[in-house]
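Visitor: Structure below; questions to follow.
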Number of protein chains: 2
Amino acid sequence: MKQSKKGRVTLQQVAKHAGVSTSTASLIVRNNPRISEATRKKVLKSMHELGYVYDRIAANLRSQSSDTVGIIITDISNTFFSEFLIGVHDALDEVGYTVLLGTTFDSVAKQDHLLSTMMEHRVGGLILCPVSESSQDTIERLNEIDTPMVLAVRELPGVKSDYVGIDYPEGARIAVDHLLGKGHKRIALLGGIKESSTWIERMAGYREALSRAGLEVDESLVIDSAPTREGGLEAVLKVLENPNPPTAIFCFSDLIAFGVMQGLMMKGITPGKDMDIVGFDNVPVAEIYHPPLTTISSFPRRIGKEAANLLYQQMEKIEREQQRIILNPELIIRESS
Amino acid sequence: MKQSKKGRVTLQQVAKHAGVSTSTASLIVRNNPRISEATRKKVLKSMHELGYVYDRIAANLRSQSSDTVGIIITDISNTFFSEFLIGVHDALDEVGYTVLLGTTFDSVAKQDHLLSTMMEHRVGGLILCPVSESSQDTIERLNEIDTPMVLAVRELPGVKSDYVGIDYPEGARIAVDHLLGKGHKRIALLGGIKESSTWIERMAGYREALSRAGLEVDESLVIDSAPTREGGLEAVLKVLENPNPPTAIFCFSDLIAFGVMQGLMMKGITPGKDMDIVGFDNVPVAEIYHPPLTTISSFPRRIGKEAANLLYQQMEKIEREQQRIILNPELIIRESS
DNA sequence: CTGAAAGCGCTTACAG
DNA sequence: CTGAAAGCGCTTACAG
């Protein structure tokens, strides 16, 4: 697990070679302006000749600082998180931080381990997208960490820290409002696991949008399923057996929506024409699907950017209250409704 | 750009608290077995009480070693790379390395900068997916780096290092063979930028498969385009104007294939029935598209895994020849042909 | 099995 | 503007 390095050229050697003191050389690598142009050039030349590479690790150790930030996400293969990562990177690159990345695959054990690793690596800050069932232990532990930290995507009750997330109920609300606006009265909610917080929040928005329109939830139009395309397919087949079937469908996710549309086509029903569909997530394919899917975007890239900004403020000790940023999702209208 | 940390508990303090010497404490954190169970427990208890966090940075500095590896990719949002990353992570997590991640967005300048950053951070090893037009400078520089390194996905002429990549011509060959096997004689090659190495390699495979079958390339069936869905749409529309149109289409990528299929449907031609289609990449959507797309998979996850393994061998100084692993792509048959 | 001392490559005061 | 010395938090020989 270790790899040793052979003789690295040190700042001292550079200083000696250039005929200056180590302190002078140190000031030069740190771009301190109070060094004469002449000596600076001389030293730079020596560095080049000797093939000197600055040792940030040693520098950080001595100066008790860090220029790395740790990012812990649950799944890289999920488009949402890769977009999130891009947002974080964009913001962080600008200010010169280096990213230490960890993936938990939604395992508490991995998350605990990564937390330790990051702390042991003296990260200057941490952005954590918690696993779905973080333990009470983890929560206590997070509160003990005195490194700047921001939670993203999933909030952890009891953890005192900045948070950036999305208003899922609002997303569901605007999706259903859109369908309501098209004159639909029987709108199904298809797919997703009823126990998950994400489902519960969508359900809340769905219920609220209907109730505002003076409509009641018809439980026979709410069918849960695995959060997959197959799940969507099964759910739509089931709802179509309803003696009084829906005229529009709000899907738990885009993936579900793809399955739903497949099921509709199998039954000779054309999505976007015979049946209005809204998805959730705005995965990149939603746009190129056939038909292009109307859906809710939660702007993962922006979440990443905001999280990075909050972290940056903490790391630079910019004084402010603890923040909680909840982004509003947006409806992206395409051809499926 | 820096963040200072307040009083960290040190090993020395732990040792003092536990009433042992620092060396003993050091041996304990490194799980050295020649410490008595009794003192180990005592020290562990002190560590817990004081809230000690091991400082890997300091340890690495002193022992002249590193437990981090740098990974430089060109684009996180590209599924290929996120899958690649998963492969790398999987292999590396097992052996306890921590990942430093950088994204170049295909910019030489960013790549150069990241290379510096990683070296300055004393990474123990480096996996590099080079940008498409690395300069001669970069190549020389890479040859000067004495840190373990493996190149992945794109080979760099003149760089002496392990390499893991894919046999693109072979991928094109099996795609075209598949179509040939279904009795097609007029097979189009649609989409992609003619100047790119990826296109040239696909073209080579296409040409070879046809020539083996005793067929010549009909240039009017080879239409390039932007590597997007729109590009595929334009290309197929163009090829359909051919007085002697193709009966099957090999697409530069899955994205192109989606555009092609869209174009076909616009013309009332059903992909998989009236026209056989093969894509390239096997992006996750290929499977759930309508119709599910027959395509070529290049197993990005496996490439990542192999790259990590090669790097690991170098880092552990396992003696062997320089390696060049070229993975064979595979045909994934679904409904589009 | 344990202890005292030196050193990894930097930066930090502090004198000059 | 430059130099000599101490120290960041560890590990590494080397004695005991």
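The values are calculated or read from the model by the stated rules, or taken from the named source; none is laboratory data. These numbers were taken from a predicted model, which means no experiment stands behind them. A quick note on method: Cβ atoms are made from the backbone with ideal geometry, for glycine too, and the neighbour counts reach across all protein chains shown. Areas reflect the complete protein model, heavy atoms only, side chains present, ligands, DNA and RNA absent. Shrake-Rupley method; radii C 1.70, N 1.55, O 1.52, S 1.80 Å.
Visitor: Specify the residue that is farthest from the chain's Cα centre (by Cα); the eligible residues are those in segment B:33-64 that are closer than 27 Å to A:Arg62 by Cβ and within 9 Å of DNA strand C (Cβ to nearest atom).
Guide: B:Val43
Visitor: On to the next question. Checking B:Ala91 against (1) within 11 Å of chain A (Cβ to nearest Cβ); (2) of a type in the set (A, V, I, L, M); (3) within 30 Å of B:Pro284 (Cα to Cα), only one condition comes out false. Which one?
Guide: The number of the failed condition is (1).
Visitor: Of the conditions (1) of a type outside the set (A, V, I, L, M); (2) closer than 23 Å to B:Glu230 by Cα; (3) open to solvent by 30 Å² or more (accessible area, probe 1.4 Å); (4) within 13 Å of another protein chain (Cβ to nearest Cβ), A:Pro291 satisfies every one except a single condition; which number is it?
Guide: Here A:Pro291 meets the rest and fails (3).
Visitor: Continuing with this model, one more query. Got at least one residue in segment A:42-53 being surrounded by 14 or more Cβ atoms within 10 Å (Cβ to Cβ) and within 7 Å of another protein chain (Cβ to nearest Cβ)?
Guide: Checked against the condition, which is being surrounded by 14 or more Cβ atoms within 10 Å (Cβ to Cβ) and within 7 Å of another protein chain (Cβ to nearest Cβ), segment A:42-53 yields at least one hit.
Visitor: For segment A:285-325, give me the residue count where each residue is β-branched (Val, Ile, Thr) and at pLDDT below 95.
Guide: As a first pass, look at segment A:285-325 and keep what is β-branched (Val, Ile, Thr): A:285, A:288, A:294-296, A:303, A:318, A:325.
Restricting the remaining residues to those that are at pLDDT below 95 gives A:285, A:288, A:318.
Of the residues in that region, 3 qualify.
Visitor: If you don't mind, there's one more thing I want to ask. Just for helices (runs of 4 or more DSSP H) wholly inside segment B:223-312: which have at least 3 residues that are under 24 Å from the mean Cα position of the chain (by Cα)?
Guide: Numbers: elements: B:229-240, B:254-266, B:284-288.
The qualifying helices (runs of 4 or more DSSP H) are B:254-266, B:284-288.
Visitor: Given the criteria of a type outside the set (Asp, Glu) and crowded, with 19+ Cβ neighbours inside 10 Å, does A:Gly158 qualify?
Guide: So A:Gly158 fails the test.
Visitor: Here's something else I'd like to know. Taking helices (runs of 4 or more DSSP H) that fall entirely within segment B:1-98, which contain at least 3 residues that are within 16 Å of DNA strand D (Cβ to nearest atom)?
Guide: B:11-18, B:22-29, B:37-50, B:56-63
Visitor: Among the residues of segment B:54-74, what is the count of those that are surrounded by 17 or more Cβ atoms within 10 Å (Cβ to Cβ) and either more than 7 Å from chain A (Cβ to nearest Cβ) or of a type in the set (Val, Ile, Thr) (or both)?
Guide: Here the count works out to 9.
Visitor: For B:Gly263, indicate whether it is in contact with a Leu (Cβ under 6 Å, 6 or more places away or on another chain), over 26 Å from B:Ile166 (Cα atoms) and of a type in the set (Gly, Ala, Ser).
Guide: yes
Visitor: Which residue, of A:Ser116, A:Ser135, is within 25 Å of B:Tyr54 (Cβ to Cβ), open to solvent by 10 Å² or more (accessible area, probe 1.4 Å) and more than 10 Å from every other protein chain (Cβ to nearest Cβ)?
Guide: Of the residues listed, the single one that is within 25 Å of B:Tyr54 (Cβ to Cβ), open to solvent by 10 Å² or more (accessible area, probe 1.4 Å) and more than 10 Å from every other protein chain (Cβ to nearest Cβ) is A:Ser135.
Visitor: List, please: which pairs have Cβ atoms under 8 Å, are six or more places apart or on different chains, and start with a residue in segment A:11-22 that is touching a residue at least 12 places away in the same chain (Cβ under 8 Å) and within 14 Å of another protein chain (Cβ to nearest Cβ) and end with one that is among the hydrophobic types (A, V, I, L, M, F, W, C) and more than 9 Å from DNA strand D (Cβ to nearest atom)?
Guide: A:Leu11/A:Val29
Visitor: A:Ser77 is checked against (1) away from DNA strand C (no atom under 14 Å from the Cβ); (2) within 12 Å of chain B (Cβ to nearest Cβ); (3) in contact with a Gly (Cβ under 8 Å, 6 or more places away or on another chain) and fails just one. What number does that condition carry?
Guide: If we test A:Ser77 against (1) away from DNA strand C (no atom under 14 Å from the Cβ); (2) within 12 Å of chain B (Cβ to nearest Cβ); (3) in contact with a Gly (Cβ under 8 Å, 6 or more places away or on another chain), just (3) comes out false.
Visitor: With respect to B:Leu179, is the statement that it is aliphatic (A, V, I, L, M) and within 13 Å of chain A (Cβ to nearest Cβ) true? I'd like the intermediate steps shown before the answer.
Guide: Details: aliphatic (A, V, I, L, M): yes; within 13 Å of chain A (Cβ to nearest Cβ): no.
Answer is no for this residue.
Visitor: To continue, here is another question. Of all the residues that make up segment A:175-197, how many are open to solvent by less than 40 Å² (accessible area, probe 1.4 Å) and out of contact with any helix residue (DSSP H, G or I) (no Cβ under 6 Å at 6 or more places or on another chain)?
Guide: The qualifying residues number 6.
Visitor: Consider B:Arg30 against the criteria (1) within 12 Å of chain A (Cβ to nearest Cβ); (2) under 30 Å from A:Arg301 (Cα atoms); (3) among the charged types (D, E, K, R): it satisfies all of them except one. Which criterion is unmet?
Guide: For B:Arg30, the exception is condition (2).
Visitor: Among the residues that make up segment B:239-252, is at least one of them surrounded by fewer than 18 Cβ atoms within 10 Å (Cβ to Cβ) and among the hydroxyl-bearing types (Ser, Thr, Tyr)?
Guide: Yes, the conditions are met somewhere in segment B:239-252.
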